[in-house]
Structure formats: structure tokens, C-alpha cells
Amino acid sequence: MGADLTGEQTAPVVAATQPRPGSAGRPSVGLSGNAQKIATAVHRRLRGDILSLALKPGTIVSEKELSVAYGIGRTPVREALLRLSDEGLVEIVPKSGTRVTRIPASRLPEAILVRKSLEDITTRAAAEHASVSDLMSVRMLIQRQQEAADLADEAAFHAADEAFHAEIARAAGYPGIWSLVQQVKTQVDRYRRLTLPQQGRMARVLKDHAAVLAGLEARDGAAAAVAMAAHIDQLRLDIGTIRSVYPDYFTDDPDADGGWNAREAAG
């Protein structure tokens, strides 16, 4: 799972076999403050593992095994899984179990378009408002990505990539827009992690980021925005290629959770 509740590194926790029927259960009611904190910690760890593909699409997730691995009760684990279900990252099927959803291919183009539109705003504003030290920070993040690429460290490369885009939004004076971007790109993030092993992918991203930075440093908002748009749109263009490499990780069903809303059903 990447880390336990104390921060110690552990492996992702999954079921070796199909979980016991009904293990998903119903949402808890009136969780105590401490139980809410535990549920939040479990949700954060599981979400990170799903987005990083440590828990791959289609993987069975056992509420019981998670509870045992963390040494906690099943109620906060159940709440964490319900939150992930709300986000479309796990599918809770009555009397069957819980599994990580497959990536809904039909939703990716729209999410990428929304992200591109929002980052057009931050990029243009950053070209106008970013300070010299802001631009130095952006350049430093590109260097961090280069170092990660040299080591073939996909996790570090992805983290620096996220920081690059977040820093541009901050320099633009619109950190809230980056928060909106994060909300719409949840499924895209899983797909993005699948693109990194592509031959030349990291080099292409570095080149794209350098073009964005060049526009920012020249105070040319239009040029920076064009570079950013081309960079983000490449994700849309690559969907078919990536899906052909990982066909079992995707679904054509626009409802990633299979249309089952555990909270509504339990209510």
C-alpha cells in the first residue's frame, strides 16, 4: 500500500482470492473523530496506490485483509472504500466484493480537455505575473524531472511533473485552479502513469516543459499557452496506443463504478 498508518513503507495490501461475499458492507454512521482520522489515512494510502498503479485496475481489494494489515477495525476501512467508490476508483458490488475499477476510456478525452482549458488560464497568467524566483522554481522542477529520467525513476518523474504544473498555477496567482484540475484528472492520472514506460516519453515531456518555460521567461503568454496545450493534448492523442498495450486496464463503460453507488444503496 506504499505506507502504513505510521508512515512505514509496506507493500500494497490485496486479497489473494475473492473476498468473502458482502465484505464491502454498508457505510458507517456517526464515526468518531478518531475513526474519521483513521478512515482518512486509509483512504489517502489506498488512493495513492490506485493512482500510482501499485493497485492495478481490476485488483480485488479485501476489507478484511486491509483491516488485519493495519491492525484496525473494519469500520474505518469500510468508510475509506466508500470514499474511493464515490471517486470512481473502486467498485463495491453487493454480495461479491470490492475491486479497483478499470480506467473509463470514454471519459479521458473530456477530462483532458477540461484540464487543458484550465491550464491555459494559469499559463497565460504566469507569463504575466511570475517573479524571477518563481521561474527559477519552475526551471528547478524541470531539472528534477531530468534527474529522475536519467535514473528511470517513474515515480519521481511523475511527482516532479505534478509539482511543475502546480508551481505554474501558484506563480500565476491561481493555486485554486490547480485544485480544480486535480479534481477532474483522477482517472487521467492512472492513464498518465501508463504512458511513462513508453520509449522516449520522458524526453518528450521534458522538451514540452522546456518550451512552456521558454514562453514564460519571454513573458509571451500566447507562446507558453500553445506549448502547454500541445503538451497536454498529447495525452488525448496517445489513448489508443496505450490502451492497446494495456487492454485489461481499460473499460468502455462510462460508469467506472458499474453504476453501483454504495452510499445510496445503503441509505
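So how strong a dipole does segment 127-267 carry about its Cα centre when Lys and Arg Cβ are +1 and Asp and Glu Cβ are -1, to the nearest 20 debye?
On the way: 14 positive and 21 negative charges, 44 e Å.
With only Lys, Arg, Asp and Glu charged at Cβ, the dipole is about 220 debye.
If you take the Cα atoms of segment 78-187, find Rg, then find the Kirkwood Rh from the mean of 1/r over all pairs, what is Rg/Rh?
Working: Rg = 17.4 Å, Rh = 16.0 Å.
On the Cα set of segment 78-187, Rg over Rh gives 1.09.
Pull out the extension gain between residue 87 and residue 133, defined as 0.36 nm times the separation in residues minus the alpha carbon to alpha carbon distance; nm, one decimal.
Values: separation 46, 0.36 × 46 = 16.56 nm, distance 3.63 nm.
Gain in length upon complete extension: 12.9 nm.
Quick one: net charge around residue 146, please, counting Lys, Arg +1 and Asp, Glu -1 for every other residue with C-beta under 15 Å from its C-beta. Working shown, then result.
Numbers: positive: 139, 144, 201, 204, 207; negative: 147, 150, 153, 154, 161, 208.
With Lys, Arg at +1 and Asp, Glu at -1, the net is -1.
Extension gain residue 233-residue 113, at 0.36 nm per residue separation less the Cα-Cα distance, in nm? Walk me through the numbers before you get to the answer.
On the way: separation 120, 0.36 × 120 = 43.20 nm, distance 0.77 nm.
Gain on stretching residue 233 to residue 113: 42.4 nm.
Take the Cβ-Cβ distance between residue 226 and residue 253 as r, set R0 to 35 Å, and report the resulting FRET efficiency rounded to the nearest 0.05. List each step's numbers first, then the result.
Working: r = 35 Å, r/R0 = 0.99.
According to the calculation, E is roughly 0.50.
Please work out, to two decimal places, the log10 of the ratio I(q)/I(0) at q = 0.17, 0.18, 0.19 Å⁻¹ from a Debye calculation in which every Cα of segment 123-237 carries one identical scatterer.
Here log10 of I(q) over I(0) equals -0.81, -0.91, -1.02.
What FRET efficiency would be calculated for the residue pair residue 245, residue 95, taking the C-beta separation as r and a Förster radius of 35 Å, to the nearest 0.05? List each step's numbers first, then the result.
Numbers: r = 34 Å, r/R0 = 0.98.
According to the calculation, E is roughly 0.55.
Measure off 7 Å from each Cα along the Cα-to-Cβ vector at residue 207 and residue 74, then give the distance between these two points in nanometres to one decimal.
With each label point 7 Å from Cα toward Cβ, the separation is 5.4 nm.
Under 13 Å from the Cβ of residue 194, count the other residues' Cβ atoms, weight Lys and Arg +1, Asp and Glu -1, and hand me the total. If you can, show how the numbers build up before the last one.
Numbers: positive: 56, 102, 190, 192, 193, 201, 243; negative: 154, 189, 238, 248.
In short, +3.
Grab the Cα-Cα distance for residue 217 and residue 40, subtract it from 0.36 nm times how many residues apart they are, and report the gain in nm with one decimal. Kindly include the intermediate steps, with their values, before the conclusion.
On the way: separation 177, 0.36 × 177 = 63.72 nm, distance 4.01 nm.
Length gained, residue 217 through residue 40: 59.7 nm.
Any read-out appearing in this document is the output of simple, stated calculations on the displayed coordinates, not a laboratory observation. The structure presented is a predicted model; accordingly, all values stated were derived computationally and were not measured. Cβ sites come from the backbone with ideal geometry, for glycine too, and all protein chains shown count toward neighbours.
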